Amino acid sequence: MKDVIIACDFSSAAQVLEFLDRFSQCERKPFVKIGMELFYAAGPQIVRDIKSRGHRIFLDLKLHDIPNTVRKTMKVLSNLDVDMTNVHAAGTVEMMKAALEGLTREDGTRPLLIAVTQLTSTSEERMKEDLLIDKPIAEVIAHYAANARKAGLDGVVCSPLEASIVKKSCGDGFMAVTPGIRFADAAADDQVRITTPLRAREIGSDFIVVGRPITAAADPVAAYQRCIDEFVYGKENC
């Protein structure tokens, strides 16, 4: 099922809880992303507080370290009852396997685990000049996605422009979680590889992660509903 994840990139617990209060009357409790800024500011308790309100949670910490450290860290995170979390695919297949092992609880349950391919702020030019990766960005993302699938992960984070590449490389059941979403009439901000909610649906994204177009909107609830209408239901000009 397709869904919209709101990137709650706030610097305090008070800010994010006040923001989520706006959605208290909504039938659909938004799926929310807790990233590094909020997690480092408010700690694990913010996960528990948001979860207690009935929200699903994508804990976006992008782990990237030696396999043993990632395994141990994921074991800790598995106790927070999040619904999805992630690592960097650049950490290697071995690291991703270790992450999956650490995240899996004794009863066999675990959150969804996905891997970041290339950040949506990274252009092919930056990838080549700064990271010395000379392959085309589409080829790199397909390879990283294949590695994530080999490691047993559920999907990857990629730009919506590469969702179809991931599906072709790894199959329709392998998830494409895509940030870099902007409305057709909005600014790109610091994102490079972006598209609209409706186009992301057409390309094949399973989840879109939307931050400033919702959190900075004059009416965040209306902006969220616009994303739902476009991405989930395929409605134009909402």
request  = Starting from the eigenvalues of the Cα gyration tensor, five times each then square-rooted, give me the equivalent ellipsoid semi-axes of segment 1-118, largest first, whole Å.
outcome  = 26, 14, 13
task = Show LEU132, LEU61 ordered by accessible area, largest first, where the area counts protein heavy atoms only and the probe is 1.4 Å.
result = LEU132, LEU61
ask   = At a Förster distance of 45 Å, what's the computed FRET efficiency of GLN225 paired with LYS135, Cβ-Cβ distance as r, to 0.05?
value = 0.70
query = If you take all C-alpha pairs in segment 72-121, what percent of them are over 16 Å apart?
reply = 36 percent
inquiry  = Loop-only trypsin sites (Lys or Arg not before Pro) in segment 91-145, please: DSSP not H, G, I, E or B, and at most 15 other Cβ atoms within 10 Å.
reply    = ARG105
ask   = Using the C-alpha gyration tensor of segment 35-103, what are the square roots of 5 times its eigenvalues, in whole angstrom, with the largest one first?
value = 22, 12, 10
query = Of the residues THR85, THR120, THR104, which exhibits the maximal mean-square fluctuation in a Gaussian network model of the chain defined by a 10 Å Cα contact cut-off?
reply = THR104
task = Considering only ILE137, ILE114, ILE208, give the residue with the highest GNM mean-square fluctuation for the chain, with springs between Cα atoms whenever their separation is below 10 Å.
result = ILE137
ask   = Of the residues GLY204, GLY43, GLY180, which exhibits the maximal mean-square fluctuation in a Gaussian network model of the chain defined by a 10 Å Cα contact cut-off?
value = GLY43
query = Residue by residue, what Karplus-based ³J(HN,Hα) values in Hz, rounded to whole numbers, does segment 148-162 have, using 6.51, -1.76 and 1.60 with θ = phi - 60° and x for Gly and Pro?
reply = 5, 5, 4, 6, x, 6, 8, x, 9, 9, 8, 6, x, 5, 9
request  = On the protein heavy atoms, probe 1.4 angstrom, tell me the percent of accessible surface of the chain carried by carbon and sulfur.
outcome  = 49 percent
Compactness of segment 107-238 as Cα Rg over 2.2 N^0.38 Å, two decimals = 1.09
request  = Before rounding to the nearest 500, sum -39500 (n - 2.57) across all DSSP H runs of length at least 4 in the chain and divide by the residue total; then give [θ] at 222 nm in deg cm²/dmol.
outcome  = -11000 deg cm²/dmol
remark   = Taking the alpha-carbon centre of each part, the distance from segment 66-123 to segment 1-56 in Å is 20 Å
task = Determine Rg/Rh for the chain; Rg is computed over alpha-carbon atoms and Rh is the Kirkwood hydrodynamic estimate from the same atoms.
result = 0.95
query = So which GluC sites (Glu not before Pro) in segment 100-189 pass both tests, a DSSP loop state and at most 10 other Cβ atoms within 10 Å of the Cβ?
reply = GLU106
task = Let me see the pair-distance distribution of segment 71-170: every alpha carbon pair, 5 Å bin width, integer percents in order.
result = 2, 14, 24, 22, 17, 11, 7, 3, 1, 0
key: Average accessible surface area per residue within the chain, 1.4 Å rolling probe, Å²   = 46 Å²
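The values are calculated or read from the model by the stated rules, or taken from the named source; none is laboratory data. Being a predicted model, the structure only gives us computed values, none of them experimental. In this analysis, Cβ positions are derived from the backbone assuming ideal geometry, glycine residues included, and neighbour counts consider all displayed protein chains. The protein model used for the area step is the full one, side chains on, heavy atoms only, and it has no ligands, DNA or RNA in it. Shrake-Rupley method; radii C 1.70, N 1.55, O 1.52, S 1.80 Å.
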